Amino acid sequence: MEYIDLGHISLLIGFLLILVGFWGVLTQKNIIKIIVGFSILNTGINILIVSLGYVKGKTAPIIDNAVAQTGYHDVSASVVDPVPQALVLTAIVIGFGVTALMLAYAMKLYKAKKTLEINKFNDLKW
Amino acid sequence: MLRNILIALVILVMGYMFYNTYSNYETRTELAGISQHFAAQGAQEVGAANLVTAIVVTYRGFDTLGEVTILFLTASIIAFFLKLKDEDYDSSIDHRETSELLVTASQVLIPIIFLFGIYVFMNGHLTPGGGFQGGAIIATGVALMIMANPNVRLNYHVIHWVESVSGVSFVVIGILGMVLAGGFLDNKIFGQDGLGEFGTLFSAGAIPIIYSFVGLKVGAEISNILNKYQKSQKEA
Amino acid sequence: MVTPIFIVATALGAGFAIGVLNKFGKNFTGGLVLAAITFMTFISYQWFSAFQFGDQTPEYVYTAGFMPPLSINLLMGHYEAFVTLLINFAGLLGGIYMFNSLKNRGSNAQVVYLIMLMGLNVMVMTRDIFNLFVFMEVSSIAIAGLILLEKGTRSMGAGFKYILATSIISGFLLIGIIFAYYFTGTLNLDGMIDANLSGIKGGAVAVFMIMIAIILELKPFPANGWGLDLYEGSNAGFSAVVSAASATASFFVLSKVMDIAGPEWYYYISLIGAVTFVGSNLLGIKQENTRRMLGYSSIGQLGLLMLILGFRDILGDQTPYIVFGILISHYMAKAGLFWISGIVKSKGLKGWAVIRKKPFFLFLMGTFIFALIGFPPFPSFFAKWTLVMELVKTGNMAWVVAILFGSMMEAVYLFRWFGYAIKGENEHLEDFKIEIHKIVPVWMVAIGLYVMGYFTAQFTEVGAEINFIPLAFVGLLLALDFLPVFVKNTIAIAGMLAYSYFIYPDLEGDTLRLIFEGIFMLGGILALIAGYAYKGTRAGFYPVAILMYAGLTGIIEAKTTLEFFYGWELMTAGSYFLIIRGKRSMPHGLSYMLFSIGGAYALLAGLGIAHVGQDSFAMDIINNIQYIPYWAYGLLIAGFLTKTAAVGLHIWLPGAHGEAESDVSPMVSAILLKAGVFGVVLALIGMGAENNQYTELAYALGWLGAITAFVGNLMAIFQEDAKRLLAYSSIGQLGYIVFGLAMMTHLGWLAGFSYVINHFLYKAVLFLTIGAVVMRVGTHNMYEMGGLIKRMPLAFVAVMIGIIALSGVPPLSGFTGKWLFYNAVLEKGWYLQGALFSFSGILAFMYLWRLIHTVFLGQLKDNHRNVKEISIWFLIPIYTLIAGLMVYAAKPEWILQPLGNMIAQFFPDGQLIWDGGTAISKYGQWSGSLIGMTIGATFMTVLIWLMLSTRKAHKVKQFDITYSGERPERPETTHVAYNAFEGLYKAMWVATIPLVETFWDRVTNILHDTAGFTRRLYSGNGQAYMLHIVFFILITYLVIIGG
């Protein structure tokens, strides 16, 4: 079963989570649930990022004993791609920032109209 | 109902789009592109055992500056639009009493959490972890503190100072990189030889310093956000 | 040179430091923020000037001491320097404008503002795609926060929707980026371009996600509800910055990222741009909320820019110039309008009438609106010109149509708004306050637009030839607007005289142009003399009147098609302002403007086609059109006919001329309409004159002229309003002219030209006289006048002579024209049209009779018992013109012979033969002086006989009448002129059905209904907006990538 390896599995999970996130974002009326939807969506994307850095049978990109155990001379032959891992860190932090901002908005919105139904906030339209 | 069917259709088409992408994926067996260089030369060029840290803080340090900015922005925005006055920070509200278990555990755990956070960001260039992770850990300590005692008065002046000073220092170190080394945010501000002995705490040039500032800033920033959420509840 | 990294370091350093510096107070932190932005602006400016004026080469800035693709690099090139300069400058002005708003929200808000600008700068400069993502997030988070500068739930809702939308977009961007990395192994833009990502299997989808996300940042129609809410919901000062800085940055990002996507994407970018431009502007016409309307306009302009960007391979070297022109105009004008909207604080369009309380605001607003629509002398004019020329040249007519249609829609709502501001009711509106720090930025961008316009023109070879002196004179009059009428009138007349003197040598020998220049300049001076009758300052009159004359002389002097179009647009702008000055003129001003713009666009397209296959823009390219010439001449003539008010395009004229001020009516009727005639003449010469190969076109034009003559005269009969009567009569007379010219024979042209001169003379006389009478009696309605011969004998004589000339009764010049016409019709064999023309002549008698009978004869009205003779300042030009009519009548050969010689250049066959004062044609002969004498003798005989035979008649006193014991409820019904042609109306009503008005109403309604229906898409629900985005993505995916 060469098709079902770790890379494919995690990529699939990432895409599925993204779809689940989209479903939540597009169908839920409650603002908090929408924000949860976004969190799921972001998690999906983050998994996607990490899984694209996966290299079959390699270890974490930290030069310590684990690298030595892989038995290769060259570090580049024994670690997975470090770049997506660096990117995912940034993506997580950005996701955190956006979520925090959304939650603050949710607090403000709730305070203004005592409701969290998204379709109640349509003062501006057409 | 019709709407949900429509959305289901949308999700389906999106799934199809993703499937097209997925079907073009093949699991890598070796590194390609820039990552090859990072893996092969990173340790030597930057001096950090943790290659991810080398990329985050040095190679792509400019992104990290942006990241820190985003956290800073979020905290600032939340500050101005949850609009707290000085007295709000000192106000107290009646909360349901917190459980004995939480209060006692927090007293034991908070110092350890703080210590652990500091360890994580100071060793970011050696072990998994770094400024963001360390900062987040510190903030969990603050979260625990708030949960154990909802009326706790965090010294927000200190938080602001930490936030400001560590932020400015980050930029200053970046500029130093330009003056003393090859470019903005270059970690070799002590020279190529000043990278220190590989694998020790004092290695990788400016990385531990930058990461410490990032850790402090992130910790302060997130604590700040948590504090503001907590304190603005009164209005809600 | 300060390295651009300091843009980032300055912003972040200041931003981070403010956390501890805020104890010095908000004024200090605000000042610090402004200082930081000033420094950032300085850095960009320094680079920009090094590129623009020096020989700086693009410079990369490397970070981290490593070379890309390992590290992130920034590029500072010519465009980057320019765009960051735009961003920082907008940020600076916006920061000044919002100083207090930001201060009220505390130092945190000030910091967020600063960092937003920094984010935009990095977006422009970075060459790393992930870094681009990070800083796009920085600026969009900052924007989401700054929306809350405005208090209230509206802005909160807008902000939340904005975050939701941008989160979806950035999600797709991130997925695209990571796959792009996976396929290419690099994050560097240049690396990805080299790797040819779209060519890699699976790479196309990654490209798609990146591209679609960046396009979505530009708020394409219809997935842009969140963008509209942003413009409407946030602080006005901030909307300006979003529109100027953020949209500009996003646009630049698209321009650099599309290199990854490759040329196959260009078409789709253009398509999305076109849909956005047309869609947004269409929905804009339904808006009553100013801020939202401006939002639609901003989005539309970005669509236009996208369209241009997609054509960059085709436009080649011209692309930067075109983008610059459109971008800078939008940048400055839209920011200015948003800023004004924050000062005026009126949500609805109608409330804008309040800005008249501070008249200079009208100048500012007008500047911005004309710049957005693309009028000269603004950069967008030159850019649009070049764009259309290039697109037509490369055979992209459908795109030109989309651009012109979208621009037209934009003009509809912007000028409607402007109309409210100029003419709306404002007494009940509360005055507004101006803060100095808010008005300074507005003035800066307004002046900037003029400066930029001048430089944009100098940039091209053909634009540099434009003569800006008349426009400078307009500026001078604007600056002197505070002076009294007497002084300004003298300056204006002196200026026109001097200019005519200087321009004469250029035109000497070119009779055709001299005739029209004479009508425009000398006629203009005569009409201006009447201006001495006005008192006070007559604010705003002189700049706009001279603007019109500047345009008119520009048309005559034009050596290139660009100069011609430039003059045409100036003339349109000036006449619009003149017309809208009249009372109750708002709807007419708007329809005049819309028809004019429509006509100008037809003209633009026509001139574009004419340029195909030609190297130059010289005027004579229209004599030799190589590509689809039928279309070219058709479009040109259609454009010109909007100004001559041919039937179908005439509905603006009666109201516009009828409601205009007394001395403006002759300007816009006797003088302005001739600009359209001049255009038609040029087009017909272009069609080959005697060797015309486009006979169908000329034939259709002939019918159009004849029908116009008939309809104009018929409608004139049923008018109760004296000025409207004259206005309809003008439509009819212009119909004669077009008919004559369309015959394309020597005699036809001679007839047409004799009418050109005639109509100028007598219509000026009639409009000036009736206008002066109206000034005295205070009404336009003829049935409210009567017996004025006793009070104003000189006016009576003037009208008498005017209508004799007009009706074509010998001995005056009208007869000359008629005689020529009948000869021409017989020669050409257009009998049916000739019959219609002849019948129109009879109709003319029926209304002309009313003009003299109702107004001057009959009983004097009680309230007119003490009116005085019309003003001497009107009498001077009136009698000067009458002297001209008399000379024309007595010695027609003085005028007709040179005319004949001029026409013979184009139509050598079939000339009149002159025997002293007698003209001989195929069908007979005629001598002006002889006929004059015969008529004079006959008239004297009849007069003497009448005087002898009626010696015993006694005068009937005014009250020597009875109503048979009845007291009429509506006194006007007893007046002979009231509803005088009821009987005729019963017979002819079919012909007076306002088919044309109904047609244009229908068109308007369809547009409005479409807009009204479509805009319901924007339900205000943030979730629906997200769904729109997802839909947009998926549909584009299916179209571009396919199944």
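Every read-out reported here was derived from the displayed coordinates using simple, explicitly stated rules and does not represent laboratory data. Note that the coordinates shown come from a computational prediction; the quantities given were computed from them, not determined experimentally. Every residue, glycine as well, gets a Cβ built from its backbone with ideal geometry; the counts of neighbours run over all protein chains shown.
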The aspartates and glutamates whose Cα lies under 17 Å from the Cα of C:Lys358, excluding any fewer than 8 residues away in the same chain, are C:Glu425, C:Glu427, C:Glu430, C:Asp431, C:Glu435, C:Asp481
The pairs in C:Lys286/C:Lys583; C:Lys26/C:Lys347; C:Lys347/C:Lys423; A:Lys29/C:Lys347; C:Lys488/C:Lys643; A:Lys120/C:Lys161 lying past 20 Å Cα-Cα in this model are C:Lys286/C:Lys583; C:Lys26/C:Lys347; A:Lys29/C:Lys347; C:Lys488/C:Lys643
In nm, the gap between the two label points placed 7 Å beyond Cα toward Cβ at C:Val451 and C:Ser49 is 1.2
Taking the range A:6-120, the whole-percent share of alpha-carbon pairs separated by over 25 angstrom is 41
Across B:Thr53, B:Thr27, B:Thr69, the residue with the highest GNM fluctuation in chain B (Cα network, 10 Å cutoff) is B:Thr27
Bounding extents of chain C in its principal axis frame from Cα atoms, largest first in Å, are 114, 62, 52
Per the C-alpha gyration tensor (a ≥ b ≥ c, the square roots of its eigenvalues), the range C:586-941 is rounded if a/c is under 1.5, else prolate if a/b beats b/c, else oblate; here it's oblate
Amide H contacts under 5 Å for A:Val79, restricted to residues at least 5 apart in sequence or on another chain and with H modeled in the peptide plane, are A:Thr59
Percent of all alpha-carbon pairs of the range B:38-235 at distances over 28 Å, whole number, is 33
GNM on chain B, Cα springs under 10 Å; top mean-square fluctuation among B:Val56, B:Val120, B:Val165 goes to B:Val165
Two pseudo-spin positions, 7 Å from Cα along C-beta at C:Leu832 and at C:Ala479, lie apart in nanometres by 6.0
Gyration tensor (Cα only) of the range C:273-405 to equivalent ellipsoid, semi-axes in Å sorted down, yields 29, 16, 11
So the FRET efficiency between C:Asn901 and C:Tyr923, C-beta based with R0 = 25 Å and rounded to 0.05, is 0.70
One finds, for B:Leu201 and B:Gln44 with R0 = 25 angstrom and r their Cβ-Cβ distance, a FRET efficiency to the nearest 0.05 of 0.85
For A:Lys111, counting only aspartates and glutamates whose alpha-carbon sits under 18 Å away and dropping same-chain residues fewer than eight positions off, the answer is A:Asp123, B:Asp88, B:Glu235, C:Glu150
Ranked output for segments C:882-895, B:124-137 by mean other Cβ atoms within 10 Å, highest leading, reads B:124-137, C:882-895
Filtered hits (lysines, Cα-Cα < 20 Å from C:Lys256, offset >= 8 within chain) -> C:Lys219
Counting only residues 5 or more apart in sequence or on a different chain, those whose built amide H sits under 5 Å from that of C:Asp128 are C:Asn73, C:Leu189
Taking Cα atoms, the helix C:629-644 axis meets the longest principal axis of chain C at an angle in degrees (rounded to 10) of 70
Computed from every Cα-Cα pair in the protein assembly as shown, P(r) in 10 Å bins starting at 0 and rounded to whole percents is 1, 8, 15, 18, 16, 12, 10, 8, 6, 4, 2, 1, 0, 0
Ordering C:997-1009, C:940-952, C:415-427, B:199-211 by per-residue average of other C-beta atoms within 10 angstrom, highest first, gives B:199-211, C:415-427, C:997-1009, C:940-952
Computed on Cα atoms only, the convex hull of the range C:800-943 has an orientation-averaged projected area in nm² of 11.6
The helix A:6-27 Cα axis meets the longest alpha-carbon principal axis of chain A at an angle in degrees, between 0 and 90 and rounded to 10, of 0
The range C:503-614: Kirkwood hydrodynamic radius (Cα pairs, Å) comes out at 15.5
Per GNM of chain B with C-alpha springs under 10 angstrom, the most fluctuating residue out of B:Asn149, B:Asn187, B:Asn224 is B:Asn149
Between the modelled labels at C:Phe999 and B:Val152 (7 Å from Cα along Cα→Cβ) the distance in nm is 8.0
Here the FRET efficiency for A:Ile4 versus A:Gln69, based on Cβ atoms and R0 = 30 Å and rounded to 0.05, is 0.75
Mean other chain Cβ within 10 Å across B:179-188 is 5
By the DSSP-based rule, helices of chain B that are at least 18 Å long along the axis (C-alpha) and have a mean Kyte score of at least 0.5 are B:2-23, B:61-82, B:100-122, B:131-148, B:156-180
If each part is reduced to its alpha-carbon centroid, the range A:32-96 and the range C:802-870 end up apart, in Å, by 91
With Cα coordinates, the longest principal axis of chain C makes an angle with the long axis of helix C:793-807, in degrees rounded to 10, of 80
Expected unfolding gain across C:Trp989-C:Leu857 under the 0.36 nm per residue rule, minus the alpha-carbon gap, is 44.7 nm
A chain fully extended from C:Thr779 to C:Met947 at 0.36 nm per residue, minus the present Cα-Cα distance, gains in nm 56.9 nm
